[in-house]
1. Ranking request for peptides A:105-113, A:218-226, A:402-410, A:529-537: highest mean number of other beta-carbon atoms within 10 Å first, then the rest in descending order.
2. Just add up the charged neighbours of residue A:566: K/R +1, D/E -1, any other residue whose Cβ is under 10 Å from the Cβ of residue A:566.
3. Classify the stretch A:3-48 from the C-alpha gyration tensor, please: rounded if a/c falls under 1.5, else prolate or oblate depending on whether a/b exceeds b/c.
4. Taking the Cβ-Cβ separation of residue A:67 and residue A:92 as r and a Förster radius of 35 Å, what is the calculated FRET efficiency to the nearest 0.05?
5. Less than 19 Å from a label point 7 Å out along the Cα-to-Cβ axis of residue A:81: which backbone N atoms in the stretch A:462-503 qualify, by residue?
6. Name the residue, out of B:15, B:153, B:132, whose mean-square fluctuation peaks in a Gaussian network model built on chain B with Cα pairs under 10 Å.
7. Quick check: from the Cα gyration tensor, does the protein assembly as shown come out rounded (a/c under 1.5), prolate or oblate?
8. In the stretch B:236-317, carbon and sulfur make up what percent of the accessible area (probe 1.4 Å)?
Amino acid sequence: MVRFVPTICPYCGAGCGILLVAGNGAVVDTRPWSEHPVSEGKLCIKGYNAHEFIYHPDRLKTPLIREGDSFNEIGWEQAIKLVAGKLSETRDRNGPDSLAFMSSSKCTNEDSYLLQKFARVVIGTNNIDQCARLCHMSTVVGLGAAFGSGAMTNSIADIEEAGCVFIIGSDTMSQHPLVARRIVKARENGARIILADPRRIQVSRFADMHLRHKPGTDVALLNGMMKYILERGLEDRDFISRRTEGFEALEQALADLSLDEVEKITGVPKGEIEAAAQLYAEAEASCIIYAMGITQHTTGTDNVLSLANLAMLTGNIGRPGCGVNPLRGHNNVQGACDVGALAEFLPGYQAVADEQKRKAVAQAWGVAELPASPGFTAVEMMNAAVEGRVKAMYIMGENPMVSDPDIGHVEQALNALDFLVVQDIFLTETARLADIVLPASSWAERDGTFTGTDRRVQRLRQAAEPLGQSRPDWAIICELAGEMKAGDSFAFSSTAQIFDEMKKVTPQYAGMSFARLEQPAGLQWPCPREDHPGTSILHVEQFTRGKGKFHPVVYRAAAENPDKEFPFILTTGRIMSQWHSRSMTGRSPTLNAESPEGYVEINPDDARKLGVADRAMVEVRSRRGTVQTRARVTDRVAAGVVFMPFHFAEAAANRLTNAALDPVAKIPEFKVCAVALKTVK
Amino acid sequence: MAKCAEVVQDILRGMLRERLVDEVVAFGRGLTGSDILPLFITDEQDIDRIVTTSYCPSSLAKLVARYGDRNKKMAIVVRSCDARGLVEIAKRRQVKPENLYLVGIECYGVVREKRGEVYIFADKMEVDGEMMPLDEAALSPNCRRCEYPVPTMADISCRIEPEGDCLVTVNTEKGKAMLATASVPVQDAPPSDVAAIKERAARWQEKDFGDIKRMEPGERLDYWLSQFDRCIKCYGCRDACPICVCKECCLEPDRGLIKGGEYPPETLFHAVRLTHVGESCVNCGQCEAACPMEIPVSKLYHMLSKEVGSIFNYEPGLDIDSLPPVSMVDEEDLLKTGVDFG
Ligand code: SF4
Ligand code: SF4
Ligand code: SF4
Ligand code: SF4
């Protein structure tokens, strides 16, 4: 006999509902869930195979301790004692800021909430971050500044209402397929589709326009569109005057811009820029969809601000079918940020530096004070470890040894630590460097909540018992806190209890509870009161910050540009059937079989000049490293640009990428660096 | 209150109680009233959750083939397309017909996008307790083309009347035994009038297929290619289809036919499934309902099976002893159906 357990897909931020099929105490399959408002009975290949890695033989079943170059099994009690002892010792000897914590966008809200509370309360440091820093921190900062809230303004289903969909820097068909479905439906309803992307991705097959700009020139492109809109008087004067401030500054900044110059920078013909601007500005409702092609740049925050400018300029905020819609990568990257697993924010984006807010949270947690200065962010942690300022690190469910930029540097950092704990479901590339490894139970084996990209807080439901001795992340943290004499603040026996505390310090979640979430649609934040239905569209009457604020942005080139020695631009991304560092998909036979190995896409013209044949081995070299991988000769990339998926440890694109940071959001520039190519004999 | 669910529930409860079957497979309530999930039930207590609304989120035939134990006796609540799917699955030896106890429900269509608790009748519909004229646009496209409202291949067949009565017909000897355990009085039903449904089916088949057949050959090719351009090879259509029950499927990358990791996949992906399912498609619509990219796949499959069926005088899902003209479908047949792509 089988049971169908409704829960949420563990892969992307679309947050599709799935039914885990459980029989004989184990999860055996995944089926689509019809009643779920995002996926409506459909899934992508990742969702369909979400169960495949659960019982992979590599699952960690007991805690492990390093002995020289290998690991030995130890019991939980001993493991907890050792970790607690080491963390206390490091804190007492070198101060709280000598420890750093990395939470995970894959774990539940309850896990992330507890880990940040542990860092702040038990250790006393704000050194807590997670991979949101690497994907959408520029969104959090940029949209936060422009609108007052760094989240997707509209909802996934709402895209169907658009008259024009402008997709920039998002391979939606492969990375958020169930969001792409709404673009398809919008098109069936008559919407026009504009794609801006350096690569000829699948959306381009049905888009009305494809602007193929050079990687890293988004600000120039968007400024060009705004310039044309102003020239033609297509802006929404009424919206600008009623709802926004700072418009004059934008006008001034654009005054001297020439579209010929923009054409030169972006490589997109002026006429196309104008046509796209016109389509976007004239539609009844225009919706912007973007992802990491916008955010992962040293100008990531500028890119996001430019999108906010474009939407406000044309009054495309606060109505159905419009908005600025970042698509968050991981299933719970939205939630991990919401609940405070960020170096500068307490739960609910309350700045640690804001004394009043800090005091209020401290009071709710029953502690005298909380650390006041922002901690190290993800990449800064690694730098601090190399410099010897961070001595011990606790990594929960992340694999920076594949997913961070400049992995050589990450390896150096992790090896420099006195003590590294990794808590994961597999012995990942990162876990292999740990002193102690703690086995976590998988998402199918526990309860909790995930928050999808459209701010939808949804219940995860346990479909099977934890494998071996693995435990849910939150339970491990509670044990540790108990061992470190902080048990009173961590006396939780269920995720529902954690949620009840969490909502008290996370204003956006205040009106939610597990009981209210017991419905397929979950609840979209903000949900301030118990009788509040949740919010599907933000900034309807006014912006979260009151008035929307224009931030004029001037185009800056990427940190590293092609030159004689490194003549190609390398851009990186993901592919349909793999996920990030492949710790899950690489262990899912169906998914892995689709694309088992890495490659580099090279334009046919370039390939001819270099003498590279399709599927031949090539060496790709940047200032930071060298990898060998197979060439795919394809016109998906333009001449002068090459693309590598970053999933594959053996041909790790992130040995090449540049860890240069966006000055505000501290997000690294994954999307542009300069490389040289040559054939391998 | 769920319409007539009591009668159906009662029959199923009796069968479980008397150990006529080991397990019951049906649709039931999930998290909320409108959340309909498949249920595999062995405990009489769970029978209360079963519903009979005109909303079927998946093919129970497929689920039985996928998760059922073929050596167990199972009662399955089926609509006509489910029953026909099971007949086709039985021909492929994935289920043992002697172990299946089919409780049929007459079906005049199901809705794809739910608007509440919906019951569809021959010429009207009830939405959240309110009766109104039937809006054909609300029906799932395959249902509009369906000419088999009565599950004659089920052991018993229940007709839910707009007024709330449930009329039961016995179709087989097994059916008699099934009814013997029920504690509610069951009435014998007069035959259903299916003329209106046949008319509707003919009209929609003409519209859906005719639109495509009337295209110029090149235009027709472009139409399908532009549809397949959106395919993300999720395999959802295959995984939903009661005909696709192969343990090893030719469409998977390690079989060497379709390249892994290419999106959209080559047109061959669709051509292969089409030739494999071809003449056996029972028009259950599940492939299309599962397609994340809104590709009208069931229209294509239904059209092919109709064409091929008329050539070979074969109608899938009606008779377990009539075997499909498998492998008899060749390119020429495909051409006749207008699916002459690549
Ligand atoms: S679109 Fe995202 S959430 Fe939905 S099934 Fe695919 S990976 Fe999972
Ligand atoms: S091809 Fe589609 S409509 Fe035909 S039997 Fe399979 S799932 Fe049903
Ligand atoms: S596509 Fe062909 S090989 Fe694959 S499951 Fe269907 S019938 Fe079998
Ligand atoms: S369900 Fe649709 S998208 Fe998925 S493989 Fe089938 S046709 Fe392609």
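The values are calculated or read from the model by the stated rules, or taken from the named source; none is laboratory data. None of these values were measured; they are calculated from a predicted model. In this analysis, Cβ positions are derived from the backbone assuming ideal geometry, glycine residues included, and neighbour counts consider all displayed protein chains. With ligands, DNA and RNA removed, areas are computed over all heavy atoms of the protein, side chains included. Shrake-Rupley method; radii C 1.70, N 1.55, O 1.52, S 1.80 Å.
1. Values: A:105-113: 30.6, A:218-226: 27.7, A:402-410: 23.1, A:529-537: 14.1.
Ranking, from highest mean packing down: A:105-113, A:218-226, A:402-410, A:529-537.
2. Working: positive: A:564, A:621, A:623; negative: A:560, A:563, A:565.
With Lys, Arg at +1 and Asp, Glu at -1, the net is 0.
3. Working: a/c = 2.24, a/b = 1.67, b/c = 1.34.
Prolate, because a/c is 1.5 or more and a/b exceeds b/c.
4. Values: r = 26 Å, r/R0 = 0.75.
The formula returns an efficiency of 0.85 here.
5. A:476-487
6. B:132
7. prolate
8. Working: 1280 of 2570 Å².
Ligands and nucleic acids excluded, carbon and sulfur reach 50 percent.
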